[in-house]
1. Among the residues of the range 10-20, are any in a loop (DSSP other than H, G, I, E, B), modelled with pLDDT of 95 or more and touching a helix residue (DSSP H, G or I) at 6+ places or on another chain (Cβ under 9 Å)?
2. Which numbered condition in (1) surrounded by 10 or more Cβ atoms within 10 Å (Cβ to Cβ); (2) at pLDDT 90 or above is the only one that Ala55 fails?
Amino acid sequence: MVKDKDGICAASVFVDMAKDLREAGRSCQQHLQQLYIDYGNFLSMNSYVKSPDSALTRRIFAAQRPEGKYFQKATQAKRGL
């Protein structure tokens, strides 16, 4: 089992950003408001679907990866990795 460390990494990046903003005389709230102005608002409603059937899960993901590869393009944007 691998423990999820995404929250720890995100907190580290946030603290570094907050330090830089403070040195520039800005708050995190001010930065957030500027992001809303520049890019608009975004809403994400993530959830999980669990399946007790691992074979079904493999078939679903295989169907989403033609030729066993991840997609290279979504709409007009190319994947960055």
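The values are calculated or read from the model by the stated rules, or taken from the named source; none is laboratory data. Bear in mind the structure is a predicted one, so any value in this text is a computation, not a measurement. FYI the Cβ positions are ideal-geometry reconstructions off the backbone, even for glycines, and counts take in every protein chain you see.
1. no
2. (1)
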